[in-house]
Amino acid sequence: MKRIYLDHAATTPLHPEVLEAMMPYLTDIFGNASSVHSFGREAHWALNDARERIASMLGCEANQWIWTSGGTESDNLAVLGTVAAAKGKRHIISSEIEHHAVLHACRHLEQHGCEVTYLPVDATGRVRVEDVERSIRPDTALISVMYGNNEVGTLQPIREIGEIARQHGIVFHTDAVQALGLEKLNLSELPVDLVSFSAHKIEGPKGIGGLYCSPRVRLAPQSYGGLQERKRRAGTENVAGAVGFAAAAVRAVSALEQKQAQMTAFRRTMIEGLTRELGSDGFIVNGHPNLTLPHILNVSFPGVSTETLLMNLDLEGIAAASGSACNSGALEISHVLQAMKLPSPVTQSAVRFSFGPGNTIEDIERAASITATIVNRIRNNNS
Ligand SMILES: Cc1ncc(COP(=O)(O)O)c(C=O)c1O
């Protein structure tokens, strides 16, 4: 049985070219980038070369890029580091549909005397710009709204929110972990101050990420030790990871339009396949119809529980996901779908398919057909 992997929003396979770029730094070139001898200098050179390559892809300066261990650490550093440096300003504006790396950092700050306004979203998962403006207070230190949602794909009005943040002199963070390589990002002309990234979503290695930090931002480090990353993130750098991230980012950004078209075709093929077999009223697409990341398709099949469908898909070799966390063996209803105020037959039957460059149109057609067969079988058994 050929397995079909449709969970690229969770992680992607490492691209062979990325592995090849990393290999010397996993073997011969092993120095610590902070050491002054030639071994260290080789590592330091590779680290900075990777930094420069990523910065030029994103339209920022190399010294505005902080290496981290991934999207989670980037989000934590942005949220906690900004508030810690904000001297007395204790209010944060975020949204109900953020990744838990932002939401749980906000909850932590609430336990330490901060106040957080969680912006609601509409039924498509979009924040309203007016709500952002209305929520601003004299003590607002940070606005954090994600670029594109990892569960339903909905894109947020980042430019408009950023402009409001600029007008009020408030630091603006966006989590672009899912957007990298799928949305054109030019950080020199986008009104953003902090942007989170992660390599393993774009065929790079796990355990390496980055945070863009504009010179306007005062950021207090959240780890203590060495003076790496211009004193913003202590710890010996992951040189092989950085080299891999740069190789993956160069690949992803230079093939962006091609990948956008490919993912859009996969998304369309999946929807067409489901429509053919289940009828257009046999399933519901969650998220925004157009303003969406093209690689994410969140679909509900009322009458079929998420857990049952995922298990049956897995038996057929198809890997899909629920957006929800697995807690004590039971799936929790996704906080994103709840924030969109969707009815429970929709939230309880939602499955996320997320596509990647290794998929083919034939894979997607097969996945749609198998999904529809399972859904029909379960619905018939239940009736
Ligand atoms: C939007 C978003 N932010 C942050 C993260 C966390 O990234 P990492 O797995 O690199 O810690 C993810 C990963 O799923 C994500 O989708």
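A few notes on this one:
- Scanning the range 146-188 for residues that are on the phi > 0 side of the Ramachandran plot and either within 16 Å of the ligand (Cβ to nearest atom) or within 11 Å of the chain's Cα centre (by Cα) (or both) yields Gly153, Gly181.
- Scanning the range 189-227 for residues that are more than 14 Å from the ligand (Cβ to nearest atom), of a type outside the set (D, E, K, R) and either within 17 Å of Ala84 (Cα to Cα) or modelled with pLDDT under 95 (or both) returns Cys213, Ser214, Pro215, Val217, Leu219, Ala220, Pro221, Gln222, Ser223, Tyr224, Gly226, Leu227.
- The range 175-207: number of residues that are aliphatic (A, V, I, L, M), closer than 25 Å to Glu20 by Cα and in contact with a His (Cβ under 8 Å, 6 or more places away or on another chain): 2
- Contact annotation: residue pairs with Cβ atoms under 6 Å, 6 or more positions apart or on different chains, pairing a residue in the range 56-80 that is within 14 Å of the ligand (Cβ to nearest atom) with a partner that is open to solvent by 50 Å² or more (accessible area, probe 1.4 Å), are Leu77/Gln222.
- Within the range 179-201, residues that are touching a residue at least 60 places away in the same chain (Cβ under 8 Å) sit with their Cβ atoms under 6 Å from residues that are away from the ligand (no atom under 13 Å from the Cβ) and of a type in the set (Gly, Ala, Ser), at 6+ positions apart or across chains, in these pairs: Gly181/Ala252; Asn186/Gly59; Leu187/Gly59; Ser188/Gly59.
- Leu103 being within 16 Å of the ligand (Cβ to nearest atom), assigned by TED's automatic domain parsing to the domain that holds Arg233 and hydrophobic (A, V, I, L, M, F, W, C): yes
- Conditions (1) open to solvent by less than 10 Å² (accessible area, probe 1.4 Å); (2) part of a helix (DSSP H, G or I); (3) of a type in the set (Asp, Glu): number failed by Glu130: (1)
- Any hit, the range 86-93, residues being buried (at least 24 other Cβ atoms within 10 Å of the Cβ), closer than 30 Å to Asp139 by Cβ and not basic (Lys, Arg): yes
Every residue, every condition in (1) open to solvent by 70 Å² or more (accessible area, probe 1.4 Å); (2) part of a helix (DSSP H, G or I); (3) in contact (Cβ under 8 Å) with a residue 40 or more places away in the chain, yes or no:
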residue: Arg216; (1), (2), (3): yes, no, yes
residue: Ser223; (1), (2), (3): no, no, no
residue: Arg230; (1), (2), (3): yes, yes, yes
residue: Thr236; (1), (2), (3): yes, no, yes
residue: Gly244; (1), (2), (3): no, yes, yes
residue: Ala261; (1), (2), (3): no, yes, no
residue: Arg267; (1), (2), (3): no, yes, yes
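- Any hit, the range 84-93, residues being within 26 Å of Val132 (Cβ to Cβ) and modelled with pLDDT under 95: yes
- Met22, sole failed condition from (1) of a type outside the set (Gly, Ala, Ser); (2) part of a loop (DSSP other than H, G, I, E, B); (3) away from the ligand (no atom under 16 Å from the Cβ): (2)
The values are calculated or read from the model by the stated rules, or taken from the named source; none is laboratory data. Note that the coordinates shown come from a computational prediction; the quantities given were computed from them, not determined experimentally. When we count neighbours, we look across all protein chains shown, and the Cβ atoms used for this are built from the backbone with ideal geometry, even at glycine. Just so you know, the surface numbers come from the protein's heavy atoms only, side chains and all, with ligands and any DNA or RNA stripped out. Shrake-Rupley method; radii C 1.70, N 1.55, O 1.52, S 1.80 Å.
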